[in-house]
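Data first, discussion second: the structure below is written as structure tokens.
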Amino acid sequence: MAAVPALSLRVVAECGRSKARACELRLPHGSVNCPVFMPVGTQGTMKGLTATQLDALGCRLCLGNTYHLGMRPGPELIQKANGLHGFMNWSRNLLTDSGGFQMVSLVELSKVTEEGVCFRSPYDGKEILLTPEKSIEIQNALGSDIMMQLDDVVSSTVSGPRVEEAMFRSIRWLDRCIAAHTKPDQQNLFAIIQGGLDPSLRSKCLEEMTKRDVPGFAIGGLSGGEAKDHFWRMVDLSTNHLPRNKPRYLMGVGYSRAYLNALFRSDTAAMHHVTVHNIAYQLNLMHSIRESIIEQRFPQFVQDFMKTMYGNFSSYPQWAIDALSSVGITLE
């Protein structure tokens, strides 16, 4: 009997005008209807919610952070708890990042070399070297359904030689991650497309990484403060060259009202309800998008959504008008 793959993707429907598509992503812990929004459970929990509440909201895939979980409580303890699923008491799917994003978020505590990234722990000040091999070792121990390669991450507002250096290093590190992965029949390793805001670098990275037989791809290095006009153009370029039969993960896209955290910091009950609202809204939005694609009315859905969000055409952001126009959806 042939082994069941750890990941399969079925394209359910495609928009007749744009590039939007509805898919079913089959993973070891159940099917995930796409497009999907992934809540972030950085340290093995979604702040303000229990795993049972997250499940009841309809979440079938959430995210954990390799860097923070690797630091505390550590992969050894989590492995003893039957992996991150057992540690969280979560029966659905999990994606773990590689720890690479902390090169940007903890830039003052990190130094990048070809070997890996050396961090000074924000907890006890100890120096720790995170290599591609170590990142995969931790993620193998965590047992996530989708693992991310360790990539060389630079801020999306950075330009110049550092962006090219990081892009080529990410390709080399992908090969090291593939070689270190010990459970390809159980866990899926995704590559991360880098190249900053430079179309030629993005194209080169896409050309090289799509030569590797990995289960899926992520579009990285965006949503870090760059202009929206630059953002959508890099996403458009990437989706034009990614394999149709493999899943795509747009990294870093989510809540724009982070200031709510400060407003509700002193009231834990309020934070709980806001978190429930935000997760429910995002999951429902993805469900509505998916249904509109299946029913071949996605362009009309987008037009109605924009009217609801902005009121009239004169208020629409120009980047949104241009981005949608590039995939055949005209706003009016």
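The values are calculated or read from the model by the stated rules, or taken from the named source; none is laboratory data. Just so we're clear, the structure is a prediction, and the values are computed from it rather than from any experiment. In this analysis, Cβ positions are derived from the backbone assuming ideal geometry, glycine residues included, and neighbour counts consider all displayed protein chains. Each accessible area value is taken on the protein alone, full model and side chains, heavy atoms only, with ligands, DNA and RNA left out. Shrake-Rupley method; radii C 1.70, N 1.55, O 1.52, S 1.80 Å.
Count of region 197-246 residues, restricted to those that are more than 20 Å from residue 326 (Cα to Cα), out of contact with any Ser or Thr (no Cβ under 7 Å at 6 or more places or on another chain) and not in a helix (DSSP H, G or I), is 12. Report yes if some residue within region 179-193 is buried (at least 16 other Cβ atoms within 10 Å of the Cβ), free of Cβ contacts under 8 Å to residues at least 40 places away in the same chain and in contact with a helix residue (DSSP H, G or I) (Cβ under 9 Å, 6 or more places away or on another chain); otherwise report no. No - not one qualifying residue is present in region 179-193. Taking the listed residues 170, 121, 135, 159, the one that is over 29 Å from residue 36 (Cβ atoms) and open to solvent by less than 30 Å² (accessible area, probe 1.4 Å) is 121, with no other qualifying. If you check residue 225 against the conditions, is it touching a Cys at 6+ places or on another chain (Cβ under 6 Å), in contact (Cβ under 8 Å) with a residue 24 or more places away in the chain and over 28 Å from residue 8 (Cβ atoms)? For residue 225, the condition - touching a Cys at 6+ places or on another chain (Cβ under 6 Å), in contact (Cβ under 8 Å) with a residue 24 or more places away in the chain and over 28 Å from residue 8 (Cβ atoms) - is not met. Here the helices (runs of 4 or more DSSP H) wholly within region 247-332 that include at least 1 residues being modelled with pLDDT of 90 or more, aliphatic (A, V, I, L, M) and open to solvent by 60 Å² or more (accessible area, probe 1.4 Å) are 268-294, 298-310.
Looking at 84, 69, 25, just one residue is modelled with pLDDT of 95 or more, open to solvent by less than 20 Å² (accessible area, probe 1.4 Å), over 24 Å from residue 290 (Cβ atoms) and among the aliphatic types (A, V, I, L, M), and that residue is 84. Take residue 175 and tell me if it is assigned to a helix (DSSP H, G or I), open to solvent by 30 Å² or more (accessible area, probe 1.4 Å) and either over 24 Å from residue 136 (Cβ atoms) or touching a strand residue (DSSP E or B) at 6+ places or on another chain (Cβ under 8 Å) (or both). Against the criterion (assigned to a helix (DSSP H, G or I), open to solvent by 30 Å² or more (accessible area, probe 1.4 Å) and either over 24 Å from residue 136 (Cβ atoms) or touching a strand residue (DSSP E or B) at 6+ places or on another chain (Cβ under 8 Å) (or both)), residue 175 does not qualify.
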